Structure formats: structure tokens, C-alpha cells
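Each reported figure results from applying straightforward, stated rules to the coordinates on display, with no laboratory input. These figures come from a predicted structure and were not determined experimentally. Every residue, glycine as well, gets a Cβ built from its backbone with ideal geometry; the counts of neighbours run over all protein chains shown.
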Amino acid sequence: MSLFPKSVFSAILAAAGVLAFLTSASAADPSPWPWMPKQLVLTIPTGPDNPRNSEGDFVILDDGTILCVYTHYLGSSGDDHGTACLMSRCSADGGNTWTDTDKLELENEGKLNVMSVTLRRLADGRIVMFYLVKENPGDCRPYMRVRGDDGTWGPRKCLIDEPSYNVVNNDRVVQLSSGRLLVPVGRHPYGGKGAYDYESNARTFCMISDDGGENWYEGGVVEPTEGISYQEPGLCELADGRVLMNIRTDGKAQYYAYSTDGGLTWGRPLASCIDSPLSPTLIKRVPGSDELLAVGNPWLPISGRGDRATMTIERLSPDGSEILVRKTMEHPERFVAPDWQYPAICFLDSDTALVAYFHWTAGAFVYKIKLSDL
């Protein structure tokens, strides 16, 4: 979720045009990394009165159906403060085909919008949806709802009592092996002058629950790094029991901080092996393995570009300190104004995953991949 206004192109790419871009390549600026084989299984294009389809997540229901819930913008503005609700699509065949119409999962219950979904099946079997409710430019807070047996969402619970501007990306909440729930938060002080009067450097910490989401408290703050802005943290529990926090920064890299006490406190953050522009990276542990999987925007060495021109997928060492394999998901010249953003990952088994992300003007895309192709 960007903190600053974004110009939205007036011309919306037609679905046929989107697919043409996705299946073409530019010989003028070849990717510096090998291509990642993938199957495009779902496209949710933008259209009239729907300028943006973005930050979402997946969960597998009891009957094996895959539920995908995403942020569906309404009206004429795809800006971060624009009107949005939460819509869903479903797959009953392992992600190969999907329902072709949207189902409303949650009305816009904020004065501005709702957005940035995380779906989680907890250790006790409950399915929980975490999302942001944005009331005004100074009040954006995470909420949660538990899914009932009838498929409806129960009463909402706010995780943070006091109004403040808190950024929590999609597909970021984790439940540790201990049962503890961690929600990574970047809190940006709001100056009160206009829609985007925020400090770029966020107070970075976790909201913590030790009772399945009934009660929440703040963990310790990640130590600031002089001259570096922290934004949009993510989390991953490592095989050795530590928790890795990766942080979006303006330092041309994701920064890492580690916790040895379940997210209560954090070691000093350092620049990681993942080079990136001011953009988030999602990191998850591969099922049945100690290695990690990362999806995000790279810093492009071919032309020194630091934008969101393409997405890469990486297999990382167990502590995240080394990139073992890196492949490109999208060609950096597919669109005149490249803008790939905010991934989600759903592991279907130890070798199969769904990877979703969105393009600002074209819509949301879901790919099916084999990890053995990495």
C-alpha cells in the first residue's frame, strides 16, 4: 500500500490486450535472469467503475476449495484512499480454473475504504480474515473476522485501540509454531495537512496475540537505521525457531531483523541479500523444507532502474541470507508504465504454489507454479 498519491491512467487496458502483453516479450531489454515457467490461471481485469484490483490472499477451505479474496476498487479512483470493498473468486480444481464473477465478501465499512487482505487457517481450524479499515488519512487500522461454517464472516475486532495510520500488507500475518499470532505493522505519523502528509519512516513493530486473536498487544519496536526509511514489514518463522522480519526501505535493499523471542524484540536491522526499490517483498518458508521463497520487485541491473518494472521469484537459504536461485516472473518492458505490486503466495503442496500480484492499470493476476522449476 503506497503512502503517496498515484496517478491512474485514464485508458484501461482491455482483457485481450492484457493477455497479449503477458504472452509477449521485448527483445530490446531482455531479462538478466532466467524465466520462471508458470501457468496464468486467473485474470481479474479492471474496467468501468473498477479502476484497481489489488492486495489479496488465499485460503483452502474444508472441502478443498481455494478462496481468493482481494481489494476491489469502486468508482473512478484507484488511489490508496479511494473507495474499495473486498471481493472473492473460488477454485474447486486446485487453482486451474476459477469462478468468473465476483462475490462480495465485505462491504466498504470504512469512511474511505477496506483493503489489504490476509487469510489464515489457524492451528485450531478457524479461518480468519485480517484487513485494513481506513476511516480518514490519519486513521487506518487492522481488523479481523472469523469465518463461520455458513461462509459468512463474524463480528469484527480491531487490533489497535487508538486512531493512527498503520500499514499492514496483504498476506503478512503469521501464526508461529507456538500458536502466537504476529501482525507486522508500519505506523506512519500523520501531519494532518492533506491526504498524504505522512512521515516516510515508519515505527515498525508487531501486534501480538497469545490467545488466538482474542486480545492483542504491541511488541517491541525495530531499531531505526540512520538515513533509512522503514516501510511495510513482513514476517517468516525460520526452521531454527527465529522470526525473520523483512522491511521495505529506500536503501536499495530489503532490510532484515531477527527475533529470538517470538517477535517481542528484534535485533539490529541490516541490509539483506535482496536488492529492491522502495517496494515490498513477500517471504515464506517452503513446506517440507528449511528454505524460503521470496517474491518481489528487484533492482534492475540492466538499466539501473529502481522501479516496480518486474517481479522476481527467489529460493533463499534457511536464514534468508543467500539467494540460491532467482528467476523473473514478468518481463520489465511488458507495459509502457510498469507497475507490478504486492504479491501473495499459497502453497498447495510441497512443490506447487499459487502466486498472485497486480498491475496498477491492468488488474490482478494469479499464476500456478512448480517449485521444482526454480
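General remarks:
- Amide H contacts under 5 Å for Gly363, placed H, 5+ residues apart: Thr46, Asn53
- Phi angles of segment 271-276 translate, via the Karplus equation with coefficients 6.51, -1.76, 1.60 and θ = phi - 60°, into HN-Hα couplings of 4, 9, 6, 8, 6, 7 Hz per residue; Gly and Pro are given as x.
- Overall size of the chain from C-alpha positions, given as principal axis extents largest first: 51, 49, 42 Å.
- Dividing the helix sum by the residues of the chain, where each DSSP H run of 4 or more adds -39500 (n - 2.57), gives a mean residue ellipticity at 222 nm of -500 deg cm²/dmol.
- R0 of 25 Å, Cβ-Cβ distance Ala239-Ala123: FRET efficiency to nearest 0.05: 0.90
- Computed from phi, the 3J(HN,Hα) profile of segment 171-185 under the Karplus parametrisation 6.51, -1.76, 1.60 (θ = phi - 60°) reads 6, 10, 6, 10, 10, 6, 4, 6, x, 5, 9, 10, 10, x, 10 Hz, with x in place of Gly and Pro.
- Alpha-carbon centroids, segment 101-151 and segment 311-374: separation in whole Å: 24 Å
- Under 17 Å from Lys327, Cα to Cα: lysines that are on another chain or at least 8 residues apart: Lys38, Lys284, Lys368, Lys370
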